[in-house]
Amino acid sequence: MIVPDTAEKIKSMEIRGAGRIGRAAAEALRDHAVSLSARDPGSFRQEMERAAAILLATRPTAVSLPNAVHIVMAGLEGATSAEAAQAGVIRRAEEFIRSSQNAVEQIAKFGASHIRDGDTILTHCNSEVALGCIIEAHRQGKEIEVFATEVRPRNQGLITIRTLNDAGIKTNFIVDSAVRSFIHDIDLVVVGADAVTVNGAVVNKIGTAQVAHSAREARVNMIVAAETYKFAPRTILGELIRIEERAGSEVLPDEIARTLPHVTVRNPAFDVTPANYIDLIVTEKGAIPPQMAYVIIRDYLGWGIDTFHETFGPESPNGE
Ligand SMILES: O=C(COP(=O)(O)O)[C@H](O)[C@H](O)COP(=O)(O)O
């Protein structure tokens, strides 16, 4: 039951945020592997692939999910027995979870070094790694103040302000549309990412692109905190990141929507900020200009243009 259970929690956003989604998927695959009693590697693989497909179908945008699944499923490669396949998956899952946790800590350190004493920081949505940078800067004794947005329609900003409050950081809570009004009080924007494309564009919570636009107009620097497994290998071949569109009822209650037959509610959950709006992407391997995204995909995720063609064949840019 662990896989359908985790899948449901990801779908309903009980588990949310790209990093947590990736780790939850790895844990679910590991626990599924432990529970399987397949006798041969072929049927073990089939069972694992079924489980992976259920997890992959939950939310389409956070690339941490397919990357985590790909990394864990690579544990099946070369296994000549069901036991070896099981051990491979468990080992890969545990490695992924550990390295993801280490990445969060490492990024906090690198990110904090870009935050100066006295800075006022704006953050949007609830990002574990973006908050990690801010909290680490505060822990180092830097006097900082934060503006956090509400994040309509799911109000992830509430989670953010609770975390900042618990850390004892002076925080201002604003509606999303107040960003431009306050942008001249801001020294630095720090956000997370659901996906980073090969050309350095960042996909993150809806509204991030507007924040970036205001920041650029006001000449305020913007940094993105993102583990390397948020980088999207398939964008090498031109595949676009799918932007999840969620139920209109998250924005407008059904009982009101029913009275407005000519109104359609649109509710995209993410948007795309172009690379030239972003000053730095802070990964666990170091901070890079967004234009260097391909290097992360090639050198740290192991996907070059050639490996793609070898694995999926040249005819399929979607790798399908
Ligand atoms: O956009 C969101 C969450 O969207 P949702 O709430 O719809 O999942 C976060 O900014 C990124 O996932 C990064 O988060 P993290 O740094 O925690 O991975």
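Readers should treat all values here as calculations from the given coordinates under stated rules, not as data from a laboratory. What you are looking at is a predicted structure, and each value in this text was computed from that prediction instead of being measured. All Cβ positions, even for glycine, are placed from backbone atoms using ideal geometry, and neighbour counts span all protein chains on display.
May I ask which of LYS9/LYS109; LYS11/LYS285; LYS9/LYS285; LYS11/LYS205; LYS109/LYS170; LYS170/LYS230 have a Cα-Cα span longer than 25 Å here?
On the way: LYS9/LYS109 30 Å; LYS11/LYS285 30 Å; LYS9/LYS285 30 Å; LYS11/LYS205 16 Å; LYS109/LYS170 20 Å; LYS170/LYS230 29 Å.
From the list (LYS9/LYS109; LYS11/LYS285; LYS9/LYS285; LYS11/LYS205; LYS109/LYS170; LYS170/LYS230), the Cα-Cα distance tops 25 Å for LYS9/LYS109; LYS11/LYS285; LYS9/LYS285; LYS170/LYS230.
Which residues' amide hydrogens lie under 5 Å from the amide hydrogen of ASN221, considering only partners 5 or more residues apart or on another chain, with H built in the peptide plane?
Those qualifying (amide H under 5 Å, at least 5 residues apart or on another chain) are VAL189.
Please name which of ALA212, LEU260, ASN126 has its Cα lying farthest along the dipole of the chain towards the positive end, using unit charges on Cβ (Lys, Arg +1; Asp, Glu -1) and the Cα centre as origin.
LEU260
Could you point to the residue in GLY192, LEU280, THR171 farthest towards the positive end of the stretch 167-299's charge dipole, with +1 and -1 charges on the Cβ of Lys/Arg and Asp/Glu respectively?
LEU280
Pairs of alpha-carbon atoms within less than 8 angstrom and 6+ residues apart define the contacts here; what relative contact order does the chain have, in percent?
On the way: 595 pairs, mean separation 51.2, N = 320.
The value is 16 percent.
Among LEU252, LEU131, LEU65, determine the one that fluctuates most according to a GNM of the chain built with springs between C-alpha atoms less than 10 Å apart.
LEU252
Could you give the dipole magnitude of the stretch 14-162 about its Cα centre, charging the beta-carbon of Lys and Arg +1 and that of Asp and Glu -1, in debye to the nearest 20?
On the way: 18 positive and 18 negative charges, 41 e Å.
My answer is approximately 200 debye.
What is the spin-label model distance, in nm, from GLU14 to VAL272 if the labels are put 7 Å beyond Cα along the C-beta direction?
With each label point 7 Å from Cα toward Cβ, the separation is 3.4 nm.
Aspartates and glutamates near LYS142 by alpha-carbon distance under 12 Å, same-chain residues fewer than 8 away left out - which ones?
Here the aspartates and glutamates satisfying the reach criterion relative to LYS142 are ASP117, ASP119.
What does the extension gain come out to for LEU260 and ASN155, with contour length at 0.36 nm per residue minus their alpha carbon separation?
Values: separation 105, 0.36 × 105 = 37.80 nm, distance 2.44 nm.
Roughly 35.4 nm would be gained on extension.
I want to verify a result. In a Gaussian network model of the chain, Cα cutoff 10 Å, which of these has the top mean-square fluctuation: GLN46, GLN86, GLN106?
Taking springs between Cα atoms under 10 Å, the residue moving most is GLN46.
Just how large is the dipole of the chain about the Cα centre, in debye to the nearest 20, putting +1 at every Lys and Arg Cβ and -1 at every Asp and Glu Cβ? Write down the numbers at each step before the final one.
On the way: 33 positive and 41 negative charges, 56 e Å.
Value, rounded to 20: 280 debye.
For the chain, report the convex hull volume of the alpha-carbon atoms normalised per residue, in Å³, without decimals.
On the way: hull volume 47.7 nm³, N = 320.
Cα convex hull per residue, to the nearest whole number: 149 Å³.
Compute a Gaussian network model of the chain, connecting alpha carbons closer than 10 Å, and tell me which residue from ASN165, ASN199, ASN126 fluctuates the most.
ASN165
Quick one: Debye curve from the C-alpha atoms of the stretch 172-320, no solvent, what's log10 I(q)/I(0) at q = 0.12, 0.15, 0.18 Å⁻¹?
-0.61, -0.85, -1.03
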